[in-house]
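Data block below; observations after.
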Amino acid sequence: DTGVSQDPRHKITKRGQNVTFRCDPISEHNRLYWYRQTLGQGPEFLTYFQNEAQLEKSRLLSDRFSAERPKGSFSTLEIQRTEQGDSAMYLCASSRWTRAGGDTQYFGPGTRLTVL
Amino acid sequence: DAKTTQPNSMESNEEEPVHLPCNHSTISGTDYIHWYRQLPSQGPEYVIHGLTSNVNNRMASLAIAEDRKSSTLILHRATLRDAAVYYCIPRSGGGADGLTFGKGTHLIIQP
């Protein structure tokens with residue numbers, strides 16, 4: 001079990017540029033989540049995949065945000081035309097429902113985005 | 001989602017027990033109570049969850065009030081490594097939706 005990994009760990013970009021983040025979940029986990037966390041706040045849910053299907057999207061996920069999980073394994077989160085308000089930590093989590101553990105989510109270390 | 005209320009911060013001494021309270025008076029009858037914590041510069045980490053009965057695992061214990069309107073996370077012997085933000089999160093039993101984090105409790109451990 002290598003845990004959830006995210007790449008890159010840090011990204012600095014200029015306003016208006018596009019950025020893409022990658023998340024590799026724990027293998028055999030069929031659920032994958034994206035969250036955003038700003039300083040001093042708890043993480044906020046963005047979107048959720050079960051296998052390759054995107055089943056839920058938060059209203060926080062504007063049209064500039066798109067997420068994919070093409071083969072039900074890794075996922076990418078793209079932000080187009082970045083704005084300074086997009087600066088945050090982007091967290092990925094994965095899970096597999098079990099009777100004993102429910103839907104315990106395992107989080108990656110996050111990608112910290114800074115938009116200048 | 002059920003609303004939760006947690007103290008903004010708590011302080012404890014190393015090697016002493018810590019009781020972290022959470023009020024969730026609007027919790028539904030089928031919601032589990034999950035606790036996660038977030039250490040500095042890391043993603044959140046699952047701690048424990050329960051429905052009605054008190055629960056124990058290697059990290060902590062969870063005491064759930066009989067009316068389920070509140071719960072308490074118990075760290076039996078706090079260490080410096082337990083300094084983190086602790087989040088109490090009600091969640092439906094079959095839950096496949098995202099977790100709703102509040103602001104949590106910032107636990108400070110004094111050596």
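Could you list, in sequence order, the residues of segment A:31-63 that are within 10 Å of another protein chain (Cβ to nearest Cβ) and polar (S, T, N, Q)? Residues satisfying the conditions are A:Gln37, A:Gln41, A:Thr47, A:Gln50, A:Ser58.
Applying the set (1) modelled with pLDDT of 95 or more; (2) crowded, with 20+ Cβ neighbours inside 10 Å; (3) within 15 Å of the chain's Cα centre (by Cα) to A:Ser95 leaves exactly one unmet item: (1). When restricted to residues that are more than 14 Å from chain A (Cβ to nearest Cβ) and touching a residue at least 12 places away in the same chain (Cβ under 8 Å), segment B:61-76 contains 11.
Checked against (1) farther than 24 Å from B:Tyr87 by Cα; (2) in a strand (DSSP E or B); (3) in contact with a Gly (Cβ under 9 Å, 6 or more places away or on another chain), A:Thr82 meets all criteria but (2). Might you check whether a residue that is within 11 Å of chain B (Cβ to nearest Cβ), surrounded by fewer than 21 Cβ atoms within 10 Å (Cβ to Cβ) and under 23 Å from A:Ser58 (Cα atoms) occurs anywhere in segment A:8-26? Taking every residue of segment A:8-26 in turn, none turns out to be within 11 Å of chain B (Cβ to nearest Cβ), surrounded by fewer than 21 Cβ atoms within 10 Å (Cβ to Cβ) and under 23 Å from A:Ser58 (Cα atoms). Within segment A:98-109, the set of residues being over 13 Å from the mean Cα position of the chain (by Cα) and facing another protein chain (nearest Cβ under 7 Å) comprises A:Gly102, A:Asp103, A:Thr104.
Among the conditions (1) under 29 Å from B:Asn8 (Cβ atoms); (2) in contact with a Phe, Trp or Tyr (Cβ under 9 Å, 6 or more places away or on another chain); (3) of a type in the set (Lys, Arg); (4) surrounded by fewer than 16 Cβ atoms within 10 Å (Cβ to Cβ), the only one that A:Arg36 does not satisfy is (4).
When A:Phe45, A:Phe74, A:Phe49 are checked against the criterion of being within 20 Å of A:Gly3 (Cβ to Cβ), buried (at least 20 other Cβ atoms within 10 Å of the Cβ), modelled with pLDDT of 90 or more and touching a strand residue (DSSP E or B) at 6+ places or on another chain (Cβ under 6 Å), A:Phe49 stands alone in meeting it. Of all the criteria given as (1) more than 12 Å from every other protein chain (Cβ to nearest Cβ); (2) among the aliphatic types (A, V, I, L, M); (3) touching a residue at least 40 places away in the same chain (Cβ under 8 Å), the one not satisfied by B:Leu99 is (1).
When you look at B:Gly43, is it within 11 Å of chain A (Cβ to nearest Cβ), without any contact (Cβ under 8 Å) to a residue 40 or more places away in the chain, closer than 23 Å to A:Pro109 by Cα and of a type in the set (Gly, Ala, Ser), yes or no? Criteria met by B:Gly43. If you check B:Thr79, B:Thr105 for being surrounded by fewer than 17 Cβ atoms within 10 Å (Cβ to Cβ) and more than 10 Å from chain A (Cβ to nearest Cβ), only one passes: B:Thr79. Among the residues here, A:Arg112 does not qualify as out of contact with any Phe, Trp or Tyr (no Cβ under 6 Å at 6 or more places or on another chain), within 14 Å of chain B (Cβ to nearest Cβ) and in a loop (DSSP other than H, G, I, E, B).
Is it true that some residue in segment B:33-44 is more than 15 Å from A:Pro43 (Cβ to Cβ) and in contact with a strand residue (DSSP E or B) (Cβ under 7 Å, 6 or more places away or on another chain)? Taking every residue of segment B:33-44 in turn, at least one turns out to be more than 15 Å from A:Pro43 (Cβ to Cβ) and in contact with a strand residue (DSSP E or B) (Cβ under 7 Å, 6 or more places away or on another chain).
The values are calculated or read from the model by the stated rules, or taken from the named source; none is laboratory data. Remember, predicted model here, so these are calculated numbers, not experimental data. Cβ: placed from backbone, ideal geometry, glycine included. Neighbour counts: every protein chain shown.
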